[in-house]
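For reference, the structure is listed below as structure tokens.
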Amino acid sequence: MSDVTFDPLDALVQLQDVDCLLKELRDPEMASQEEKLGFSIEGISGLERARERLASQVDGRLLQTYERMSQRFFRVIVPIDGRVCSGCRINLPTSSLGRNSEGASYDLCENCGRILYRR
Amino acid sequence: MSPVTIAPPRSKPLLWQHLQQALFISELKSKRKSSALEEMVSVLATGEVTRHPEGVLDAVRRREALGSTALGKGIAVPHARSTLVTERAIVVARSSKGIDFESPDGLPSNLFFMIVAPPLERDPVYLNLLAEIVRSVRLAKTRQRLLEATNFVALRRILAEASHE
């Protein structure tokens, strides 16, 4: 696994992927299905450390938004698909497709509040 | 003239539906696990599955760090979900010499099916695909035929037949 330092939004994307994997591994049904197929899954402590490392690279406010929203949504950070939020499938107004007021290259969906990124 | 028997149409297996020529590597250049994963992920970028292969590679390596995805008998199925992929995709790759993938039987892996998918809360297809691959390659004769297939079309046909066996 690389120890690359990410751009804050890239780090958040990676953080979400780690969280997704952690959710799968903590889901007894999902984890047991993988093991039944013959895949070995050992401890998750390394994954938890990777999560901490990635979280430390995300802007505090952005991380707070992510943690809060992850109580509601499985995926908090979602790509813009054309001009559509791929979380709620609502057409985004043109004004949402630029940089936000803080100059970062992300914005929040005006409908569902998810964090948007361009893939 | 004897009557023509038309075989009933078979539904296309899930695995078959996900196979793409652009995501087939007939012979991996890599000799080691780490670079083989990199080589397989790189074709996802050319196949427009992702614009961020390095991020997808991190997701694949993270899963691999939890335990090797080699199943033994020359088969490995690296897999990961990543926010950075646009759609479910499978890279099929072969290595005639084999690569040490930390397989449970200690044998090198020759046949690789890398599955990537976006993270979705409910995606039974992802697990079904893993199961279908495991089922399709359980016979030694199928594995041998897959290694000997001369091109992508032949390989896809063998997998389609195997999934109906």
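Work out, in µm²/s and without decimals, the Stokes-Einstein translational diffusion coefficient of the protein assembly as shown at 25 °C, 0.890 mPa s, Rh from Kirkwood over C-alpha pairs.
Details: Rh = 20.2 Å.
Taking Rh from Cα pairs, D becomes 122 µm²/s.
For the stretch B:30-165, the alpha-carbon coordinates run over 37, 30, 26 Å along the three principal axes, in decreasing order.
Rounded to the nearest 5, what % of the DSSP beta bridges within the protein assembly as shown are antiparallel ones? Kindly include the intermediate steps, with their values, before the conclusion.
On the way: 15 of 25 bridges.
In the protein assembly as shown, approximately 60 percent of DSSP beta bridges are antiparallel ones.
Taking label points 7 Å from Cα along the Cα-to-Cβ direction, A:L22 and A:R118 give a separation of 3.0 nm.
Projecting the Cα positions of B:A65, B:A140, B:P124 onto the charge dipole of the stretch B:57-163 (unit charges on Cβ atoms of Lys, Arg, Asp and Glu, taken about the Cα centre) puts B:A140 furthest along the positive direction.
Every number here is computed from the coordinates shown, using simple stated rules; none is lab data. As the structure is a prediction and not an experimental result, all values here were calculated from the model. Positions of Cβ are backbone-derived with ideal geometry, glycine not excepted, and every protein chain shown enters the neighbour counts.
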